[in-house]
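The values are calculated or read from the model by the stated rules, or taken from the named source; none is laboratory data. None of the values given here were measured: they were computed from a predicted structure. Positions of Cβ are backbone-derived with ideal geometry, glycine not excepted, and every protein chain shown enters the neighbour counts. Heads up: the accessible areas ignore ligands, DNA and RNA and are worked out on the full protein's heavy atoms, side chains in. Shrake-Rupley method; radii C 1.70, N 1.55, O 1.52, S 1.80 Å.
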Amino acid sequence: MTLIGTPEHRGQTLLILGLDAPGAGQPTIELDDLSKFNEFALTCVSGSMTVRASLDGINFSATDIAWEDENEANPNQTRVTTLVGGSIYRHIGSLKSIRVLQDGATDVISAVLMAGTIGRR
């Protein structure tokens, strides 16, 4: 797996700046080792995205994983698999690898994935 996106390390937090307009079904962000992180946030300015995850770094989920929509009144109760531009989404859990894909023909612009850690590991 190759890194897709530009990583920026900020202390204990990792930001990945995605590729703009990768094309329908193509990755805007792909990272192969997120095992030291357990909290993720994802956003983009426009377009929509879906996310596939891997627990072993090789085999990715066949379906999109669900994210909490932080713009909703009850974000921990509102989970979505298609992430639209202009919103912030959150996922808590341990993942080895992640692949963020453009969903549909509308270009994903300025995708950002933030990875951090809740508590001590």
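Taking the listed residues 56, 32, 69, 64, the one that is modelled with pLDDT of 95 or more and of a type in the set (Asp, Glu) is 64, with no other qualifying. Count of region 40-55 residues, restricted to those that are buried (at least 22 other Cβ atoms within 10 Å of the Cβ), over 11 Å from residue 91 (Cα atoms) and of a type in the set (A, V, I, L, M), is 1.
Screening the candidates 93, 85 for the property of being surrounded by fewer than 20 Cβ atoms within 10 Å (Cβ to Cβ) and over 18 Å from residue 12 (Cβ atoms) yields one hit, 85.
Just for region 1-18: of the residues that are outside any loop (DSSP other than H, G, I, E, B) and either of a type in the set (Val, Ile, Thr) or touching a residue at least 60 places away in the same chain (Cβ under 8 Å) (or both), which one is most open to solvent (accessible area, probe 1.4 Å)?
The extreme case among them is 6.
Looking at region 44-56, is at least one residue charged (D, E, K, R), in a loop (DSSP other than H, G, I, E, B) and more than 10 Å from the chain's Cα centre (by Cα)? Yes: one or more hits. One residue stands out among those in region 65-89 that are part of a loop (DSSP other than H, G, I, E, B) and among the aliphatic types (A, V, I, L, M): the one that is farthest from residue 52 (Cα to Cα), which is 73. Taken together, the residues in region 19-39 that are open to solvent by less than 20 Å² (accessible area, probe 1.4 Å), in contact with a Gly (Cβ under 8 Å, 6 or more places away or on another chain) and not in a strand (DSSP E or B) amount to 1. Only a single item in (1) assigned to a loop (DSSP other than H, G, I, E, B); (2) more than 15 Å from residue 44 (Cα to Cα) is not met by residue 98, and it is number (1).
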